Each structure stands twice: as C-alpha cells, then as structure tokens.
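Note sheet for the following structure.
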C-alpha cells in the first residue's frame, strides 16, 4: 500500500495548485525564482491572502521595496494588506541622507546581529502560520562570503520551521547573483520566466510528491496571477455513450456512413472559400436541434463576420446563442498561450458541458505557440486526446493552400490525429466554378468513397448525387466521362 499523500496548503492560485497536485506541503520552505517584474511578490501575496481566508496568521518580511509602495501595489490588485502583518527591514531614506549609505547592507557582524534580532522579535510577536521573505537574496549583502550567507539562510529557515511556519522566499536570479546555491535549502522551487512570446512557470523541484512537469503558462492580471497548467489528457476522462452524431443533411451522413461519432477528432479541410466553416457549423445546427451545446473558437475570422455569413445560409446562429446551445468565442491568437487556450476549452467542456468543440482554424491556433512551432503537433495531439477522453466531438478546420491543382489532405500535417477527414474542393467544369465534398478517412467504420457536388445557398447546404461522370476531380480540373 502506498503511503498517504501529505496534507496540502493552497497557494491561493488555483492553476498553480493544480500543477503542484494540490498545493504546498505545510511547514516547509519554497523558493520563488524569477527576474524583476516576473510576479514573485504578487505570488507571495496570493499565498498570504489564502492563509488569511482560512484564519491563519500571515507575515510579510520586506527586505527591499518601500513598504508604502509595496502595500499600495498589493491593494491595487485587490489584496487586503490590513489583514497581513509586515516586518519592514528595507533601507530608509535616512541611510543615504545621514551619509551612511552602506550601513544597512554592510557585511558586518553588528549589522547582521541587529537584523537577526529584529527578525526574531518580529516573528515571535506574530507567530505566523505563513511567511513570505522578499527577497531573501538581500541577506547576501550582510555576509562576508557565500559560505556565511548559506549558513545564515539555513539557520533562518530552520528557525521558521521550528515555529511551524510554511515559508515562501523570493530570489532574483541574475548573472551577478546566481541562486543555484539556494536550491539545497528548499523543499521546492517555482521558477517564473518571461520570454518574448509570453510568461511560463515550471516546478523543477518539489520534495514529497510528484507535480505536473513541463512548462505551464501564467498571466499577470488586474487581480493578481493566473496560472494555466499544460494540458494532461490522461488526467481527464469522462463517461459518455458511443453514438453517431448526424450532420442533419442526409447526403453528408451517407458519405460518413451515418455521421461522425461522439468523442472523435474530425478535420474539415479545403481551400479558402470552399465552405469549411459552414459545413462544420451545420453539425452544430443539428446538435442544437437535439438540445446539445456547441462552442466555436474563431482564430481567423471575426465573430461579426461569422454570424453574418451563417445567417445568410439559413443557420440560425442568433437563436442558438440565445438558447444557450451555441457559444462563439473570437480568439486573438497572439494574446494567448496554448495552455491558456486549453483552459478556455476545459471550462466549456467541464464547466458548461460542451458536446461539440470547433477550432477555426488550425493555422490560427498555431500562432498561440509563438516561438514553439516544433510543438504544434504535440499541443494539437494533447487537445484532441483531451476532447476524446471527455466525450466531446472535436472539429478542427484546416485550410489547404491550393485552390485547385494538386490535392492536399491537410496543410498542417495533422491527418494522423484525425478519426475522420472530410475534404472540400473547388472544381472547374465547363468554365464554371463548382465545389465537391468527399471523405478521405474514417477510423470507426467504412464510408462512401464517392465524391459529391457541394453547394451553399441561401437555404443552406445541398449535396448532390455522386459525380460519377467526372474524372480527375481531386486535381481540380476534372474531365467529363461519357458513360453511354
């Protein structure tokens, strides 16, 4: 029998708690590392505020920032600083104006002993359950060398542990002051990183339990920090019935041997203007008539344009939205990370019971990766696997490059992810532009291998009989075959 997991304390940030498999282990110390402006202090306030919510005492030991500025910034983010005790050890203006610019941070026994006494007195008076030390690296200026610094830090952490406190201490990792030597005193390390393409958070060390590995995303908002864990499909499994999902158009269902299946990944591919979005939305129209709920994420089109086009082809999107059977979200890809987008999808699937999830399109979704193009297939695979596990039907739209000419199943090399692939083509027949629809792949059953004419009118989608009188349809310029 495996030993029971230790009790956990929430960090005050739900996404980080998820990464940490529940939160922090009580009465241990944790290092928060990151550059200036990465949000270390904000994370500390989340931790303390969470303790206050549970009637715990919270102490903020301030070693650097002006206390008035510190509390003003925290209050602006919605933290109740009146409920937090502060031990302010930051240098005052008098240090400079009195001509003693190095007195507070001089590496002398006198100053170190004075600071130690103030810390002991402050901690003893508050008897805190939670402590934030910001930043711990300021103590380095009070010691003669790195050995003495590490010795002082070890003693400091043991003192707080003996008081049964759970401790977060921040460090600013720079080339002139590396913090690798502090790893040995911590029970866990949380690293905040800011890159050109976004902010990421990872947990390289955590004693006593496993955590979610990899890079997760976070964002600093008007109310603090939000963390978006990387999607772990295997941790999400829902119960659902295996059933066929109809498009509502008999001819399309015939091509698909009844329709697409619940809990499958479906790719609708084709060149621009072929009708991929309209065809995908048709499945949602049919779902709405069954009382099911769908959600659309528009990466390459505005919501207004989408609504206007749908109304023009007899897809009642306004009524669907009003009844709550359809949610349309316009996504600005360059403002989202793949982890943040995955959180949006999870909220719809787990929180609002979305039955069909449509991403329009894959090329726009790729932009969320910003600098991580090599992980696109990995991210798409995780998202598709998650939706399958939860029993949600996924529809991914993939725009191929060629309007006519050489046939391409998909543009983004994602065909292996799909359970079903439906393709649309532009054709030139007798000098007239026409469209065709066919099924390229269906994992769960056989399918009709003919190609049919596909039309979008003001009355909706119509699909004709198999185009058996044409040869070379996939090339885009078919020839008429005389079958007499």
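Nothing in this text is a laboratory measurement; each read-out follows from the coordinates by a stated rule. Computed from a predicted model, the values in this text were never measured in an experiment. Cβ sites come from the backbone with ideal geometry, for glycine too, and all protein chains shown count toward neighbours.
Numbers for the structure displayed
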read-out	value
Pairwise FRET efficiency - residue 244 versus residue 73, Cβ, R0 = 51 Å, nearest 0.05	0.35
Crossing angle, helix 109-126 versus the chain [Cα axis fit, 0-90 degrees, rounded to tens]	70
Candidate values (1) 146; (2) 185; (3) 225, label of the one derived for volume of the Cα convex hull per residue in Å³	(2)
Spacing of the two label points (7 Å from each Cα toward its C-beta) at residue 36 and residue 159, in nm	2.8
Helix axis angle, 276-289 relative to the chain longest principal axis, alpha carbon, degrees	90
Taking 344, 31 and counting other C-beta atoms within 10 Å, the order from fewest to most	344, 31
Relative exposure of 435, 323, 441, 285, judged by other C-beta atoms within 10 Å (fewest first)	323, 441, 435, 285
Pairwise FRET efficiency - residue 433 versus residue 312, Cβ, R0 = 22 Å, nearest 0.05	0.75
Fewest-first ranking of 347, 56, using other Cβ atoms within 10 Å as the exposure measure	347, 56
Gain upon complete extension [residue 401, residue 367; 0.36 nm per residue less C-alpha separation]	10.5 nm
Label-to-label distance, nm, for residues given as residue 319 and residue 353 (7 Å Cα→Cβ offset)	2.2
Folded to 0 to 90 degrees: helix 67-76 orientation relative to the chain principal axis, Cα	30
Expected 222 nm ellipticity per residue - DSSP helices of 4 or more, -39500 (n - 2.57), all of the chain, to 500	-8000 deg cm²/dmol
Relative packing of 44-55, 354-365, which averages over residues the other C-beta atoms within 10 Å, highest first	354-365, 44-55
